[in-house]
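A.B. asks: Below is the structure I would like to discuss, written out as structure tokens.
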Amino acid sequence: MHVDPSMDGVLIKGDKPIPGASTALQLLQDRQIPWILMTNGGGISEESRAERLTSQLQLPIDVEQIVQSHTPLRSLPGKEEQTVLVIGGVADLSRKVGQGYGFGKVLIPADYVKTNPSIWPFHSKECLEFGQVIDRLEDVKIDNILVFNDPRDLGTDVQVISDVLHKDPSTHVIFSNDDWLWANEYHLPRYGQGVTRFFIESLYKRNHGKELNRTVLGKPTKIAYDYAHSILINRSIQISGTGGPLRVAKLGESITQSPLKSVYMIGDNPASDIIGGFNYGFETGLVRTGVYRDGDVLPCKPTVIGDDVLSVVTQALKNMGLY
């Protein structure tokens, strides 16, 4: 069995680990069962995410086990020649992620505000702190708009995106996920990046009378699961010590042959984790520690439903005769 748990609402809620999360992962470690962590979160580097989770869970997490919603963009063709506008996340961390992925030039909305504050007079002070003055910025051609994470200044982000699309309505927008809801310490689910997509698409259609040129990544898309599947295969090769060649995970590359006999996708969100895993052909495990509430209408029947990730992992192991 191979396991692909989500993070928010499964292992972590807000900044705090969910009881049993570390024990569940340690159980898989002890049995040498390959696992990776797949999240629709983003806005920071995979290295930073691994370090943060290692501290929170008190368990070593390798950077190669982290698949964020925008991780597949590492393999976007021709990225070295592209100028991109990156949206979302704290401060200028998303700019640093884009630069780390190898994009030729990475702009953020704060650059537009810093260059000309009147572009959105209600901007946050953070824009002036982390933006850069860019000469002749309004003449710069944007090859892709990349929404990496939820906006921290939605008004600025929507205005800047609208201005870029006004200049060139064919500009491609890539949303790294389509989550409408996610879970933190609050007793009700919170809105996610899917709402940002709704705003941008609705404004675009109102302004241009047609559909936005866009691509959506993240769970539950096949693109996300193919990429994660490829990473999980590599993890299996490394743990088994078979010495087989590691795969090069590529954006949009389908997995036609897999050595993995059974994979469990464990998550808290039926609309992304569970339906995505189900449609892809994985077994699924639904936890009650996140978005899902008993009585919610499910898009498909999970293989396992449990109170937390430890109970789901334990039941999955029992199903496979490994516990």
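No value in this document is a laboratory result; all are computed from the given coordinates. These figures come from a predicted structure and were not determined experimentally. Here the Cβ positions follow ideal geometry from the backbone for every residue, glycine too, while neighbour counts run over all protein chains shown.
A.B. asks: Along the charge dipole of the stretch 72-216, Cβ charges K/R +1 and D/E -1, which of G88, L76, F122 sits furthest on the positive end?
C.D. replies: L76
A.B. asks: From the C-alpha gyration tensor of the chain, pull out the three semi-axes of the equivalent ellipsoid (sqrt of 5λ each), sorted largest to smallest, in whole Å.
C.D. replies: 36, 21, 18
A.B. asks: State the three equivalent ellipsoid semi-axes of the stretch 252-293, derived from the C-alpha gyration tensor as the square roots of 5 times its eigenvalues, in descending order and whole Å.
C.D. replies: Listed largest to smallest, the semi-axes of the stretch 252-293 are 23, 11, 6 Å.
A.B. asks: Just order 68-74, 124-130 by mean Cβ neighbour count inside 10 Å, highest at the front, would you? Can you show the working numbers first?
C.D. replies: Details: 68-74: 25.4, 124-130: 14.6.
Ranked from most to least packed, the peptides come out as 68-74, 124-130.
A.B. asks: Can you tell me the dipole magnitude for the stretch 14-169 around its Cα centre, using point charges on the Cβ only (Lys, Arg +1; Asp, Glu -1), in Debye to the nearest 20?
C.D. replies: Result for the stretch 14-169 is approximately 200 debye, rounded to the nearest 20.
A.B. asks: Considering the dipole of the chain built from charges on the beta carbon (Lys and Arg +1, Asp and Glu -1) around the Cα centre, which of T242, N269, G104 is farthest to its positive end?
C.D. replies: Projecting each Cα onto the dipole axis, the largest value belongs to T242.
A.B. asks: Sort the following peptides by mean Cβ neighbour count (other Cβ atoms within 10 Å, averaged over residues), highest first: 50-61, 309-320. Intermediate values should be presented prior to the final figure.
C.D. replies: Working: 50-61: 15.9, 309-320: 20.4.
Per-residue Cβ counts within 10 Å, averaged per peptide and sorted highest first, yield 309-320, 50-61.
A.B. asks: Taking the highest mean first, how do the peptides 271-278, 298-305 order by number of other beta carbon atoms within 10 angstrom per residue?
C.D. replies: Numbers: 271-278: 25.6, 298-305: 17.0.
The most tightly packed comes first, giving 271-278, 298-305.
A.B. asks: Tell me, what ³J(HN,Hα) does each residue in the stretch 191-204 have, in order and in whole Hz, if you take phi through Karplus 6.51 cos²θ - 1.76 cosθ + 1.60 with θ = phi - 60° and put x for Gly and Pro?
C.D. replies: Calculated HN-Hα couplings, in order: 5, x, 5, x, 5, 4, 4, 4, 4, 5, 5, 5, 5, 4 Hz.
A.B. asks: Express the relative contact order of the chain as a whole percentage, based on alpha carbon pairs under 8 Å and six or more residues apart in sequence. Write out the running numbers ahead of the final one.
C.D. replies: Working: 637 pairs, mean separation 65.8, N = 323.
That works out to 20 percent.
A.B. asks: Continuing with the same structure: For the stretch 7-126, just the Cα atoms, rotate onto the principal axes and tell me the three extents in Å, largest first.
C.D. replies: Taking the Cα atoms of the stretch 7-126, the three principal extents are 56, 34, 17 Å.
A.B. asks: Taking the Cα atoms of the stretch 72-216, what is the range of coordinates along each of the three principal axes, in descending order and whole Å?
C.D. replies: Principal-axis extents of the stretch 72-216 (Cα, largest first): 46, 33, 32 Å.
A.B. asks: Then there is this: Can you give the % of DSSP beta bridges in the chain that are antiparallel, to the nearest 5?
C.D. replies: Here the share of antiparallel DSSP bridges comes out near 10 percent.
A.B. asks: Same structure, new question: About the Cα centre of the chain, how large is the charge dipole given +1 on each Lys and Arg Cβ and -1 on each Asp and Glu Cβ? Please answer in debye to the nearest 20.
C.D. replies: Computed about the Cα centre, the dipole is about 460 debye.
A.B. asks: How high is the relative contact order of the stretch 72-216, given as a whole-number percent (alpha carbon pairs under 8 Å, six or more residues apart)?
C.D. replies: This gives 21 percent for the stretch 72-216.
A.B. asks: When only Cα pairs under 8 Å and 6 or more residues apart are kept, what is the percent relative contact order across the stretch 1-66?
C.D. replies: 36 percent
A.B. asks: Can you say what percent of the DSSP beta bridges in the stretch 72-216, counting only those with both residues inside, are antiparallel? Round to 5.
C.D. replies: Counting DSSP beta bridges with both partners in the stretch 72-216, the antiparallel share is about 10 percent.
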